[in-house]
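Mind having a look at this structure? Questions to follow.
The values are calculated or read from the model by the stated rules, or taken from the named source; none is laboratory data. Just so it is clear, the model here is predicted, and its values are computed rather than measured. FYI the Cβ positions are ideal-geometry reconstructions off the backbone, even for glycines, and counts take in every protein chain you see. SASA here: full protein model, heavy atoms, side chains in, ligands and nucleic acids out. Shrake-Rupley method; radii C 1.70, N 1.55, O 1.52, S 1.80 Å.
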Amino acid sequence: MRPFGKSGVSVSALGLGGHHLGAAADQKTATEIVHQAIDGGVAFFDNCWEYNRGQSEVWMGAALKGYRDKVFLMTKVCTHGREGRMATQMLEESLRRLQTDHLDLWQIHGVSFENDPDLFIRPNGAAEAMLKAKKEGKVRFLGYRPQTSSASSEDAERRL
């Protein structure tokens, strides 16, 4: 287990990624993978709204039934510059697919263009939706991982 930043929360050093889980042969196989991971000490589960057109979240959610309190569950939102209401719709769909009332970590996915940080931080952007979701208790932690080292990305990190 490793500290999750300065949060006081610990997460497993190894995680199970939802992208590959969605490529399992079927739900039964996906569930076996998830349960073996948990039994082996994996407690960090990563996913994304768009992985395998949502199938990854559906299978992970079904597999985590009865195990939700044993894992640190993360998914990502893929707004790609859309307004905050789109992020909120994606969150609600992710929560339904993952069969949970909250996420431990919700991140912006695919921050890769120079203007992406400005788009999600603008008024009525995804950042506002993320902060609102946190205040409502739907997510514990928020984040994003910039894929560029532009000044715009650095500025967005400071403002978020």
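Kindly list the residues of the range 74-95 that lie in the label zone of Asp118, defined by a backbone N under 14 Å from the point 7 Å along the Cα-to-C-beta vector.
81
Can I ask one more? When DSSP assigns beta bridges and you keep just the ones with both residues in the chain, what percent turn out antiparallel, to the nearest 5?
10
As a test question: what accessible area, to the nearest 10 Å², does Lys65 have when a 1.4 Å probe is rolled over all protein chains in place?
140
Still on this structure: For Phe44, enumerate residues with amide H under 5 Å from its amide H, sequence gap 5+ or separate chain, H modeled in the peptide plane.
Residues meeting the amide H criterion: Ser12, Leu16, Phe72.
Continuing with this model, one more query. Running a GNM on the chain with Cα contacts under 10 Å, which residue among Glu128, Glu92, Glu32 ends up with the highest mean-square fluctuation?
Of Glu128, Glu92, Glu32, the most mobile in the Gaussian network model is Glu32.
List the relative contact order of the chain as a percent without decimals, with contacts defined as Cα pairs under 8 Å and 6+ residues apart. Walk me through the numbers on the way to the answer.
Details: 286 pairs, mean separation 29.6, N = 160.
Contact order relative to length: 19 percent.
Using Cα springs under 10 Å in a Gaussian network model of the chain, which residue among Ser56, Ser94, Ser12 shows the largest mean-square fluctuation?
Top of the fluctuation ranking is Ser12.
Can you give me the orientation-averaged projected area of the convex hull built on the Cα atoms of the chain, in nm²?
If you wrap the Cα atoms of the chain in a convex hull and average its projections, you get 9.0 nm².
For the cross-link pairs Lys65/Lys134; Lys70/Lys138; Lys76/Lys134, which exceed 20 Å when the distance is taken from alpha carbon to alpha carbon?
In this structure, Lys65/Lys134 exceed 20 Å between Cα atoms.
Right, another one. Mind listing the long-range amide H neighbours of Val111? Cut-off is under 5 Å, sequence gap 5 or more, other chains count too, H placed in the peptide plane at 1.01 Å from N.
Amide H to amide H, under 5 Å and 5 or more residues apart or across chains, Val111 pairs with Arg145, Gln147.
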